[in-house]
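*Asks:* Dropping a structure here in structure tokens format, bear with me for questions.
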């Protein structure tokens, strides 16, 4: 989709890398402002100082990142493994639709992050409470987006299938599921980002490993550059995971024809963190 | 009630006796269709024409077994309709092609769902697609084709399993006027060539007269049959026909019925 405005190749190039260029500009501005205004390093370190900290501590950073990454994957995986069947049940069972789904929606008012201390008491200092917190925040967008996708097949299409004598399994495999893929993936994208949040919050509350723990440690030492380095690593992790899920879209490219739907419901369920 | 041609020749394909449909909502009951009796014979092309919301589509859905009737009896091919009928082809106003399937695979969905041998129908699908001018588009996706082309594919999907009966629910309603005329004529030829019985729903008087053997005129809600107008025009239809006085006589007749109902005002 080319823009009417971008008529030349150079304009196209600028257009494509506009966000990257803007980011670079901001980083340079940040470096400059910190330098000129002489902002103390423990308040706001310059990007170059953060970079140095990251290089210096790359080994523990990598180690703790690995733990957080595992917790994120487990939390996300759990939300998919439990969220998808739950969504199927909600779409196919009147009981689940009328009784469970409203409860599920209402339960989103519970600040799940606040459950982390309770989970800590119940499950200890290991990675389990982090996975559960991640799951608790991540599974809702998976369920909601999948339900929306499965249920948004229009009535005439279903009537057409009925007139062909289609079984429920046919309707699911040939229409509902492929129709729901784009919105499902949109839900996965939100979920994986939330699973990172869950893992880090879980680590804040009580942990001996993970980036959340490492950040607290660095804060205690007034090592602000290292705290920022952790934030940068977390951000990068989030971006990579987000696009990793996006790769699923390419694998399932044959359903991309319904991508318009995905952009309609893409941000659905991103609340409630 | 109204004259029905060739009553003696064959058993009716579609028979409705005193069919009514009421929709219940919390506060009021809506009478969508009231006391409709209609008989359609093999090979007939019958149109139902009426204002929006007169229950035409409801009627068609009931005959197709997609919606239960509140009162009355419906028979298709001599058997009472109790659930979705699988021995017909349906085309809706929207083409309803699945966007992730190619045109050919959309047509063959009908075959897959019916558990028929897919390979045996590929040739027929290609031939039918070619006959509606889509021969070169079998491997394209719906979003690469125009609305008219997609609707042609939808018609092929309704024909692929060779049903005796076709139900058309305002099939050309979403198309531009020129495409619509062409598709109507092409469909008329195709359905005659394949010997289909057609129940065609439209809100266009001239389309109904141009395509049909009989035009069923329905009132606004609650939908009742006002008159069944036999169309005494030659079986082969051409665009030229629309300029002739005989054609105009029929459309005028139908239009005056709507004027009497207050649906149309001069």
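Values quoted throughout were computed directly from the atomic coordinates according to the rules given, and no laboratory measurement underlies them. Predicted, not measured: the structure shown is a model, and the values here were computed from it. When we count neighbours, we look across all protein chains shown, and the Cβ atoms used for this are built from the backbone with ideal geometry, even at glycine.
*Asks:* At residue A:118 and residue B:10, where each label point lies 7 Å from the Cα along Cα→Cβ, what is the point-to-point distance in nanometres?
*Replies:* Result: 7.1 nm between the two label points.
*Asks:* Let me ask another. Which order do peptides A:110-121, A:179-190 fall in by mean Cβ count within 10 Å, highest first?
*Replies:* Output ranking for A:110-121, A:179-190: A:179-190, A:110-121.
*Asks:* Can I ask one more? Applying 1/(1 + (r/R0)^6) with R0 = 30 Å to the Cβ-Cβ distance of residue A:167 and residue B:144, what FRET efficiency is obtained, to the nearest 0.05?
*Replies:* It comes out at approximately 0.50.
*Asks:* Additional query: Averaged across B:94-105, how many Cβ atoms of other chains sit within 10 Å of each residue's Cβ atom?
*Replies:* 4
*Asks:* May I pose another question? Cα axis of helix A:18-37 to longest principal axis of chain A: angle in degrees, 0 to 90, nearest 10?
*Replies:* For helix A:18-37, the angle is close to 30 degrees.
*Asks:* Fewest first, what order do A:130, B:260 take by the number of other Cβ atoms within 10 Å? Present the calculation step by step, with values, prior to reporting the outcome.
*Replies:* Working: A:130 35, B:260 12.
Fewest-to-most ranking of A:130, B:260: B:260, A:130.
*Asks:* Listing A:136, A:247 from the residue with the fewest other Cβ atoms within 10 Å to the one with the most, what is the order?
*Replies:* On the way: A:136 23, A:247 10.
Neighbour counts put them in this order, fewest first: A:247, A:136.
*Asks:* Moving to a separate point now. Which of these, B:114, B:26, B:221, has the largest mean-square fluctuation under a Gaussian network model of chain B (Cα springs below 10 Å)?
*Replies:* Evaluated over chain B, the most mobile residue of the options is B:26.
*Asks:* Can I ask one more? Compute the angle between helix B:118-131 and the longest alpha-carbon principal axis of chain B, please, reported from 0 to 90 degrees and rounded to the nearest 10.
*Replies:* Between helix and principal axis, roughly 70 degrees.
*Asks:* I would also like to ask the following. Can you give the mean number of other chain Cβ atoms that lie within 10 Å of the Cβ atoms in peptide B:108-114?
*Replies:* 5
*Asks:* Contour minus end-to-end for residue A:55 and residue A:109, with contour as 0.36 nm per residue of separation and end-to-end as the Cα-Cα distance?
*Replies:* Details: separation 54, 0.36 × 54 = 19.44 nm, distance 4.10 nm.
Fully extending the segment from residue A:55 to residue A:109 adds 15.3 nm.
*Asks:* What fraction of the DSSP beta bridges in the stretch B:112-260 is antiparallel, stated in percent and rounded to the nearest 5? Don't skip to the end; give the middle numbers.
*Replies:* Numbers: 5 of 10 bridges.
Approximately 50 percent, going by the DSSP bridge assignments.
*Asks:* Taking springs between alpha-carbon atoms closer than 10 angstrom, which of B:188, B:86, B:161 fluctuates most in the Gaussian network model of chain B?
*Replies:* Highest fluctuation of the listed residues: B:86.
*Asks:* Can you give the FRET efficiency for residue A:43 and residue A:15, using 1/(1 + (r/R0)^6), R0 = 30 Å, r = Cβ-Cβ distance, to the nearest 0.05?
*Replies:* 0.25
*Asks:* Also, quick follow-up: Between residue A:155 and residue B:259, how high is the FRET efficiency from 1/(1 + (r/R0)^6) when r is the Cβ-Cβ distance and R₀ = 35 Å? Nearest 0.05.
*Replies:* Result of the calculation: an efficiency of 0.55.
*Asks:* Post the alpha-carbon centroid distance, the stretch A:33-71 to the stretch B:23-68, in whole angstrom.
*Replies:* The stretch A:33-71 and the stretch B:23-68 have Cα centres spaced 71 Å from each other.
*Asks:* What 222 nm value per residue comes from the helices of the protein assembly as shown, counting each DSSP H run with n ≥ 4 as -39,500 (n - 2.57) and dividing by all residues, nearest 500 deg cm²/dmol?
*Replies:* -17000 deg cm²/dmol
*Asks:* Please compute the average number of Cβ atoms from other chains found within 10 Å of each residue's Cβ in peptide A:162-171. Don't jump to the answer; show the numbers that get you there.
*Replies:* On the way: counts 8, 16, 14, 9, 7, 2, 0, 0, 5, 1.
Per residue, the average neighbour count from other chains is 6.
*Asks:* Here is a further query. Of all DSSP beta bridges located in the protein assembly as shown, what percent are antiparallel, nearest 5?
*Replies:* So the antiparallel bridges amount to about 50 percent of the total.
*Asks:* Would you mind ranking A:73, B:172, B:258 so that the residue whose beta carbon has the fewest other beta carbons within 10 Å leads the list?
*Replies:* A:73, B:258, B:172
*Asks:* What is the helix-to-structure angle for B:245-261, meaning the angle in degrees between its Cα long axis and the longest Cα principal axis of chain B, kept from 0 to 90 and rounded to the nearest 10?
*Replies:* The angle comes out near 60 degrees.
*Asks:* When a/c reaches 1.5 or more, the comparison of a/b and b/c decides; with that in mind, is the protein assembly as shown rounded, prolate or oblate per its Cα gyration tensor? Before the final figure, lay out each step's value.
*Replies:* On the way: a/c = 3.02, a/b = 2.35, b/c = 1.29.
Prolate is the answer for the protein assembly as shown, as a/c is 1.5 or above and a/b outweighs b/c.
*Asks:* Could you identify which residue out of A:90, A:137, A:239 has the top mean-square fluctuation in a GNM of chain A using Cα springs shorter than 10 Å?
*Replies:* Sorting by GNM fluctuation, first place goes to A:239.
*Asks:* Along the Cα-to-C-beta direction of residue B:29, a point sits 7 Å from the Cα; which residues of the stretch B:42-79 have their amide N less than 13 Å from that point?
*Replies:* Only B:70-72 fall inside the zone, counting backbone N under 13 Å.
*Asks:* Spin-label point model (7 Å from Cα, Cβ direction): what's the residue A:93 to residue B:241 distance in nm?
*Replies:* 5.7
*Asks:* So in chain B, what percent of DSSP beta bridges are antiparallel if you round to the nearest 5?
*Replies:* 50
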